[in-house]
Amino acid sequence: AGQGCTKIMSRARWLEWSDRVLCEDTTVTAIRGGERLAMGHAQIPTAHASLHVRRDMIASWHMKVTKKASNRGAIFIGIESFNKDPGDKMVIGNDWYQESCRDVAFYYSSDGDLCQGDVVVKKTESSYGSGDVIGIQMCDGILTFLKNGDPVGELKGLKEFNQVAVQLRRPGDKVKLIKELVDKAAEKDIEKRKAIEERKKVENQARLQREEELMRKREQERLLKIQKEEEERRQRELEERQRIELEERQRRDAELNKLREAEEERLKKEKQVFFCATRVLCS
């Protein structure tokens with residue numbers, strides 16, 4: 001430790017840790033919780049990864065939250081940044097969530113916030129917990145934080161030297177360091193992530209196009225259904241009018257026939273009366 005690394009480590013490992021954690025191989029476990037001390041200070045279960053990486057280098061780390069022991073108390077995964085190697089490093093175990101750490105601690109909290117010290121830079125709305133893999137990728141002095149391979153946000157403002165660290169809060173919190181990569185290996189890791197992002201972007205665009213096409217198709221079907229229903233309604237109204245008109249004609253024809261028959265009957269009776277009267281006169 002202490003030198004800017006220029007190659008991938010043979011395997012990831014924790015370099016140093018506070019007395020509140022137990023480090024076993026690549027796994028760090030909180031054995032005591034965080035504790036508030038006098039003068040507003042606190043001691044937090046903390047572990048540092050092995051690499052000290054310069055700001056102008058490319059690096060990538062991946063850690064798995066093996067267990068988040070409680071819904072109370074956030075896990076912090078991030079970078080401790082300092083100018084001398086390791087001259088002005090903060091004391092291991094000091095709480096990152098304080099004003100004095102705004103230019104020292106750059107981290108992703110399990111409640112979904114990206115922070116610098118006690119300042120929430122971005123609320124990602126993407127919390128994490130047991131089983132999630134958290135990534136940190138550093139390129140051009142910018143940190144990109146990942147959750148299960150998907151970027152959640154960026155932080156800037158790093159100092160010259162940078163070291164990945166975790167801060168736990170509850171006994172039983174457990175984080176496994178999976179990868180520490182620098183230079184070519186880290187560059188490939190970042191390129192792989194960007195390729196996956198691009199593929200997902202293309203897939204998402206294709207999905208949106210399919211959804212839009214489906215929505216257009218459904219809208220067309222809806223309009224055609226409305227048009228068909230309107231045509232059927234008009235046809236029913238037309239047939240109803242025709243039925244009423246036919247019944248009205250039939251009613252009028254029946255009345256005319258009845259009147260005609262009555263008139264014929266009247267004329268017939270008048271003729272009979274006339275013939276009878278004529279016979280009487282002639283006799």
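The rows are residues; the columns are (1) out of contact with any Cys (no Cβ under 8 Å at 6 or more places or on another chain); (2) of a type in the set (A, V, I, L, M).
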| site | (1), (2) |
| --- | --- |
| Ile190 | no, yes |
| Ala195 | yes, yes |
| Val202 | yes, yes |
| Arg218 | yes, no |
Selection count, the range 43-57, where residues are out of contact with any Lys or Arg (no Cβ under 9 Å at 6 or more places or on another chain) and part of a loop (DSSP other than H, G, I, E, B): 3
Hits in the range 87-110 - residues which are acidic (Asp, Glu) and surrounded by 17 or more Cβ atoms within 10 Å (Cβ to Cβ): Asp95
Counted residues, the range 212-222 - those being hydrophobic (A, V, I, L, M, F, W, C) and either open to solvent by less than 100 Å² (accessible area, probe 1.4 Å) or touching a Leu at 6+ places or on another chain (Cβ under 7 Å) (or both): 1
Boolean, Arg199 is more than 18 Å from Gly135 (Cβ to Cβ), open to solvent by 100 Å² or more (accessible area, probe 1.4 Å) and of a type outside the set (Ser, Thr, Tyr): no
Criterion (open to solvent by less than 100 Å² (accessible area, probe 1.4 Å), assigned to a helix (DSSP H, G or I) and among the basic types (Lys, Arg)) met by exactly one of Arg233, Arg279, Arg260: Arg233
Flag for Lys122 being closer than 20 Å to Thr26 by Cβ, assigned to a strand (DSSP E or B), touching a residue at least 24 places away in the same chain (Cβ under 8 Å) and open to solvent by 30 Å² or more (accessible area, probe 1.4 Å): no
Residue check, Lys225 of a type outside the set (A, V, I, L, M), open to solvent by 100 Å² or more (accessible area, probe 1.4 Å) and either at pLDDT 95 or above or out of contact with any Ser or Thr (no Cβ under 9 Å at 6 or more places or on another chain) (or both): yes
Single unsatisfied condition, Gln209 versus (1) over 30 Å from Lys147 (Cα atoms); (2) open to solvent by 100 Å² or more (accessible area, probe 1.4 Å): (1)
Enumerated strands (runs of 3 or more DSSP E) restricted to the range 136-187, each holding at least 3 residues that are open to solvent by 10 Å² or more (accessible area, probe 1.4 Å): 142-147, 150-155, 174-182
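The values are calculated or read from the model by the stated rules, or taken from the named source; none is laboratory data. All values derive from a computational prediction rather than experimental measurement. As a convention, Cβ positions derive from the backbone with ideal geometry for all residues, glycine included, and neighbour counts pool all protein chains shown. Heavy atoms of the whole protein, side chains included, go into the accessibility calculation; ligands, DNA and RNA do not. Shrake-Rupley method; radii C 1.70, N 1.55, O 1.52, S 1.80 Å.
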